[in-house]
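> Input: one structure, supplied below.
The values are calculated or read from the model by the stated rules, or taken from the named source; none is laboratory data. Just so we're clear, the structure is a prediction, and the values are computed from it rather than from any experiment. Glycine gets a Cβ as well: all are built from the backbone with ideal geometry, and neighbour counts include every protein chain shown.
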Amino acid sequence: MISQTAEYALRAVVVLGGGNGEPLTTKAIAERTKAPLDYLSKVLQALGRAGLVDARRGIGGGYVLTRKLDDLTIKDVVDAVEPLRRITHCPLDLPQHAGRLCSLHKRLDDGIALIERLYAESTIGDLLRDSTQSTPLCETLEQISPKKATAKK
């Protein structure tokens, strides 16, 4: 449902959110997200242009989130790199469907709207606190936040 770009962006934001506000380099984020370094760099730049991350230069620099975890939604991240595409007009450009969608395209758009709403209601903080899952990403906690994993042992 979402692109690989959006997946990498979400994974990067979750990793940054698990880092207690400490800057992480692109390389460190790539290792923890299993994303290609060069591609992730472009994703992080897009997140920066959207104002979701800030790049800090120099020794000890890297990327940090610009918002609190409970103020940053999945939708914010997805919209920053590749927004969901709503169906606003007939994809076939049929003149008889001008002004309204056929039932198929209306139902598909309704589904996209539901997903968009779910993403808007789900914060990165929610993902990091979700106790029903073992970790916020598919990897071990050590890969997301080595300091938190060490503290839990």
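> From the list Leu84, Leu40, Leu101, exactly one residue is crowded, with 16+ Cβ neighbours inside 10 Å and in contact with a Cys (Cβ under 8 Å, 6 or more places away or on another chain). Which is it? Don't jump to the end; show me each part of the working.
Working: Leu84 fails: in contact with a Cys (Cβ under 8 Å, 6 or more places away or on another chain); Leu40 fails: in contact with a Cys (Cβ under 8 Å, 6 or more places away or on another chain).
Criteria check complete, one pass: Leu101.
> Return yes when Thr33 is in contact with a helix residue (DSSP H, G or I) (Cβ under 9 Å, 6 or more places away or on another chain) and polar (S, T, N, Q) and no when it is not. Show your work before the answer.
On the way: in contact with a helix residue (DSSP H, G or I) (Cβ under 9 Å, 6 or more places away or on another chain): yes; polar (S, T, N, Q): yes.
Judged against the criteria, Thr33 is a match.
Residues are listed down the side, and each one gets a yes or a no for (1) among the charged types (D, E, K, R); (2) in a loop (DSSP other than H, G, I, E, B); (3) over 19 Å from Asp126 (Cβ atoms):
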| residue | (1), (2), (3) |
| --- | --- |
| Val14 | no, no, no |
| Glu22 | yes, yes, yes |
| Ala30 | no, no, yes |
| Ala35 | no, yes, yes |
| Ala46 | no, no, yes |
| Arg67 | yes, yes, no |
| Asp79 | yes, no, no |
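> Is it fair to say Leu72 is surrounded by 14 or more Cβ atoms within 10 Å (Cβ to Cβ) and touching a helix residue (DSSP H, G or I) at 6+ places or on another chain (Cβ under 6 Å)? Quick ask: steps written out before the conclusion?
Working: surrounded by 14 or more Cβ atoms within 10 Å (Cβ to Cβ): yes; touching a helix residue (DSSP H, G or I) at 6+ places or on another chain (Cβ under 6 Å): yes.
Yes; evaluated as a whole, the condition is true for this residue.
> Show the residue pairs meeting these rules: Cβ distance below 6 Å; 6+ apart or different chains; first residue within the stretch 56-71 and on the phi > 0 side of the Ramachandran plot; second residue part of a loop (DSSP other than H, G, I, E, B).
Within 6 Å, the pairs are Gly62/Pro23; Gly62/Thr25.
> Does the stretch 86-105 contain any residue that is of a type outside the set (Lys, Arg) and within 16 Å of Ile2 (Cβ to Cβ)?
Quick first cut of the stretch 86-105, residues of a type outside the set (Lys, Arg) only: 87-99, 101-105.
From what's left, within 16 Å of Ile2 (Cβ to Cβ): none.
No, because not a single residue in the stretch 86-105 is of a type outside the set (Lys, Arg) and within 16 Å of Ile2 (Cβ to Cβ).
> Pull up the stretch 106-136, narrow it to residues that are among the polar types (S, T, N, Q) and loosely packed, with under 12 Cβ neighbours inside 10 Å, then point me to the one that is modelled with the highest pLDDT. Outline the logic, then answer.
Going through the stretch 106-136, the residues among the polar types (S, T, N, Q) turn out to be 122-123, 131-135.
This time we only want the ones that are loosely packed, with under 12 Cβ neighbours inside 10 Å, so: 131-134.
Working: Ser131: 65, Thr132: 70, Gln133: 66, Ser134: 64.
Within the stretch 106-136, the match that is modelled with the highest pLDDT is Thr132.
> Checking the structure you have, find out if any residue of the stretch 55-64 is modelled with pLDDT of 95 or more, part of a loop (DSSP other than H, G, I, E, B) and not polar (S, T, N, Q).
Within the stretch 55-64 (the criterion being modelled with pLDDT of 95 or more, part of a loop (DSSP other than H, G, I, E, B) and not polar (S, T, N, Q)), the answer is no, since none of the residues qualifies.
> I would also like to ask the following. Among the residues of the stretch 137-153 satisfying the criterion of being under 17 Å from the mean Cα position of the chain (by Cα) and over 17 Å from Glu22 (Cβ atoms), which is modelled with the lowest pLDDT?
Glu139
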